[in-house]
Amino acid sequence: MAKYILKRIAIAVIVLFGITIIDFFIMTLAGNPIEILSGGPRVNMGVLQQRAQNLGLDKPKYIQYFNWLGTVLHGDFGYSYKNYEPVNRMISEHIGPTLILMGTALLLSTLIAAVAGIYSAVHQHKAGDYIIQTIAFLGQSIPGFFLALILIYLFSVKLGVLPSGGMRRLGSAGSGIQWQYMIMPVIVLGFEMAGRNIRYIRSSMLEILNKEYLRTAEAKGIGRFRVINRHALKNALIPIITVLGMEIPNLFGGAVIVEQVFSWPGLGLMTMNAVLQRDYPVIMAVCLISAVVVLASNLVTDVLYAVVDPSVRFE
Amino acid sequence: MQSSIRRYALNDRDKTAERAETEMQESYLKSVVRRFKYHKVGYISFWILAVIAVLAVFAPLIAPYDPDRINAAFSAAPSAKYILGTDQVGRDQFSRLLYGTRVSLLVGVLATLLATVIGVILGLIAGYFGGMIDMVIMRFTDMVMSFPYILLILVAATIFEPGMWNIILILGFVDWPGVARLVRGSVLEIKEADFVHSSQIAGMSRPYILLSDILPNVTAPILVFATSVMAISILDESALSFLGMGVQPPTASLGNMLDGAQSLTILTKMPWLWIPPGVMIILLVICVNFIGDALRDALDPTTIR
């Protein structure tokens with residue numbers, strides 16, 4: 001078990017190292033920070049050279065890379081090109097709302113997908129199965145932003161029951177997120193994620209239900225309910241863990257679009273603004289952080305597999 | 001349930017025997033077509049998509065107006081003259097919808113093609129040669145997969161000017177890891193098969209074994225996977241264009257036609273400007289997904305039909 005985990009960690013570190021290289025070269029490909037920082041044609045060349053020297057930009061690319069890596073490893077992502085704020089502070093200000101929104105959507109959708117997927121598999125080819133599958137299909141096929149537009153049209157414009165954007169009413173007392181503001185973004189994110197996952201969990205569960213040991217259990221006559229609860233559900237944990245792991249890289253993409261439509265002041269909106277303004281230090285920091293999160297979640301998924309399914313450890 | 005299991009088992013055996021009989025008499029392709037037709041929804045989706053594709057391809061002949069031409073009426077509601085109305089600058093919405101579908105389909109098809117080609121090549125190489133080559137390719141695949149998808153596309157779109165051709169390239173270069181993993185997995189399985197060993201013993205060259213022995217056997221899963229890549233590509237193009245980072249106006253795409261709906265007046269007062277492109281996206285994606293489903297059943301020799 002320890003060996004298995006160590007191997008996974010080693011692979012994650014290698015991949016992370018590769019990602020920092022890609023990250024850095026995308027940034028240099030994007031252009032010289034001096035040009036971007038100074039802007040405009042009327043700049044003294046001498047001053048520019050001095051600044052380039054101060055920033056170490058006269059050195060070869062690979063030395064620049066290691067310098068940059070050094071500062072990043074110290075947790076310093078530099079300054080935004082646009083408002084000269086430290087990137088660290090910008091991220092820590094915006095990460096909270098995103099985590100709350102994404103966490104809620106992820107938990108709810110996984111719960112719904114697990115229940116619906118298992119129900120669907122147990123009641124294969126019955127009405128409930130077809131209804132669930134159709135809903136899942138729609139979830140997979142409707143673009144999130146279009147669903148968001150429809151929801152805003154219905155609930156904010158026509159019915160006027162839910163706010164169309166932001167995370168709290170302007171001028172209201174206190175701070176933090178007001179729950180009414182979370183409903184529509186969570187629905188949009190959750191519908192998409194659940195749609196993707198229901199079908200996966202359903203087909204995995206069907207495979208499990210057809211396994212010999214379940215037929216044996218059934219043949220022993222302990223009853224269908226106990227067969228499913230005792231023996232099948234434990235094994236359904238594996239596809240559920242897979243689904244959770246698969247969703248984490250997608251979460252960020254969903255955040256960009258949903259936060260844009262609902263003006264949710266989180267990382268996604270911040271990143272979208274950074275993209276529009278070509279604010280590369282911010283973009284690269286977000287890329288790196290999300291890559292770390294993805295790798296970490298992959299690692300946790302792999303370890304959880306080994307915990308849930310002992311046969312994985314000996315591969 | 002116990003009895004039902006037994007019944008299923010019996011049915012399975014009967015049907016398998018029946019199927020074996022019918023299959024002896026028909027070619028593989030014919031049986032695939034027959035099983036594809038059996039999936040009713042998939043079959044209908046195929047025809048709907050075919051009709052949309054024909055409309056899109058022949059858009060220049062069908063569209064009543066030039067999609068970029070500015071007509072007299074601004075933001076006009078649908079009428080006999082303009083079937084779907086006109087947009088804020090007076091362009092005919094129906095013509096733009098046709099041209100937009102054309103662009104979105106083109107992006108979907110080409111991006112899928114590109115991703116599949118890259119994925120197949122890398123997957124074949126990684127799976128067949130194994131060892132260090134496999135390790136390097138698969139770690140690179142992990143790296144691409146660890147970047148949040150949309151973020152990678154957005155970053156790429158800021159470095160290269162957004163536009164239709166760049167979107168195709170970007171989506172193609174982002175979508176391949178899934179294909180590569182799938183192909184690698186299948187190759188690992190197939191390369192231990194007897195017929196591959198016999199080719200090796202017969203002294204066939206590696207390219208021959210890869211292309212003639214192994215590739216045909218992984219075509220079916222690739223085809224099924226490619227449909228899901230296409231659905232995702234269409235969705236991503238629309239999302240990117242919606243965010244303003246995709247196909248650039250005045251060229252119409254389904255996504256950038258929806259972009260205007262972020263303004264409240266359009267959202268509330270001019271539904272003809274945002275509902276048709278949205279519905280078209282959903283229709284395309286649903287059709288592609290159902291076709292993928294039907295293909296999965298049709299190409300899988302173990303399905304009982």
| Residue list for segment A:239-253, filter: more than 14 Å from chain B (Cβ to nearest Cβ) and either under 14 Å from A:L267 (Cα atoms) or of a type outside the set (V, I, T) (or both) | A:P239, A:L244
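Can A:S204 be described as away from chain B (no Cβ under 14 Å) and either within 19 Å of A:A105 (Cα to Cα) or surrounded by 13 or more Cβ atoms within 10 Å (Cβ to Cβ) (or both)? Reasoning before the result, please.
Values: away from chain B (no Cβ under 14 Å): yes; either within 19 Å of A:A105 (Cα to Cα) or surrounded by 13 or more Cβ atoms within 10 Å (Cβ to Cβ) (or both): yes.
So A:S204 fits the description; yes.
Kindly establish whether B:L114 is under 22 Å from B:L240 (Cα atoms) and at pLDDT 95 or above. Write out each step before concluding.
Working: under 22 Å from B:L240 (Cα atoms): yes; at pLDDT 95 or above: yes.
Yes; evaluated as a whole, the condition is true for this residue.
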| note | Cβ pairs under 7 Å, 6+ apart or interchain, first in segment B:81-103 and within 11 Å of B:P64 (Cβ to Cβ), second β-branched (V, I, T) and surrounded by fewer than 24 Cβ atoms within 10 Å (Cβ to Cβ), ordered by first then second residue, are B:F94/B:I83; B:L98/B:I62
| query | Do any residues in segment B:211-226 that are surrounded by fewer than 17 Cβ atoms within 10 Å (Cβ to Cβ) have Cβ atoms under 7 Å from those of residues that are among the hydrophobic types (A, V, I, L, M, F, W, C), where the two are at least six apart or on different chains, and which pairs are they? | reply | B:N217/B:I190; B:L223/B:L295; B:L223/B:L299
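Go through segment B:152-167 and report how many residues are in a helix (DSSP H, G or I) and either of a type in the set (A, V, I, L, M, F, W, C) or without any contact (Cβ under 8 Å) to a residue 60 or more places away in the chain (or both). First the steps, then the outcome.
Narrowing segment B:152-167 to residues in a helix (DSSP H, G or I): B:152-159, B:164-167.
After this cut, where a residue has to be either of a type in the set (A, V, I, L, M, F, W, C) or without any contact (Cβ under 8 Å) to a residue 60 or more places away in the chain (or both) as well, the list is B:152-157, B:159, B:164-167.
Summing the residues that are in a helix (DSSP H, G or I) and either of a type in the set (A, V, I, L, M, F, W, C) or without any contact (Cβ under 8 Å) to a residue 60 or more places away in the chain (or both) in segment B:152-167 gives 11.
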| Got a sec? Which of B:F140, B:F147 is at pLDDT 85 or above and farther than 21 Å from B:Q248 by Cβ? | B:F140
| said: Criterion first (touching a Phe, Trp or Tyr at 6+ places or on another chain (Cβ under 9 Å), within 12 Å of chain B (Cβ to nearest Cβ), polar (S, T, N, Q) and surrounded by 18 or more Cβ atoms within 10 Å (Cβ to Cβ)) does A:S109 satisfy it? | reply: no
| Are any residues in segment B:257-277 at pLDDT 80 or above, buried (at least 24 other Cβ atoms within 10 Å of the Cβ) and within 10 Å of chain A (Cβ to nearest Cβ), and if so, which ones? | B:L258, B:P277
| request: State which residue pairs qualify: first residue within 9 Å of another protein chain (Cβ to nearest Cβ) and inside segment A:276-300, second residue in a helix (DSSP H, G or I) and among the polar types (S, T, N, Q) in any location, beta carbons under 6 Å apart, and separation of 6 or more residues or different chains. | output: A:R278/B:T158; A:V286/A:T271; A:A291/B:S146; A:V294/B:S146; A:L295/B:S146
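Based on what the data block shows, is A:A217 among the small types (G, A, S), at negative phi and more than 12 Å from the chain's Cα centre (by Cα)? Don't jump to the end; show me each part of the working.
Numbers: among the small types (G, A, S): yes; at negative phi: yes; more than 12 Å from the chain's Cα centre (by Cα): yes.
It is true that A:A217 is among the small types (G, A, S), at negative phi and more than 12 Å from the chain's Cα centre (by Cα).
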| task | Inspect all residues belonging to segment A:177-193 and state whether any of them is at pLDDT below 80, loosely packed, with under 14 Cβ neighbours inside 10 Å and in contact with a Ser or Thr (Cβ under 8 Å, 6 or more places away or on another chain). | result | yes
| Index of the failed condition, A:G254 passing every other in (1) buried (at least 16 other Cβ atoms within 10 Å of the Cβ); (2) touching a residue at least 60 places away in the same chain (Cβ under 8 Å); (3) more than 18 Å from the chain's Cα centre (by Cα) | (3)
| field | Subset tally (residues that are assigned to a helix (DSSP H, G or I), touching a residue at least 40 places away in the same chain (Cβ under 8 Å) and acidic (D, E)) for segment B:246-305 | value | 2
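The values are calculated or read from the model by the stated rules, or taken from the named source; none is laboratory data. Bear in mind that the values here come from a model prediction, so they are computed numbers and not experimental data. When we count neighbours, we look across all protein chains shown, and the Cβ atoms used for this are built from the backbone with ideal geometry, even at glycine.
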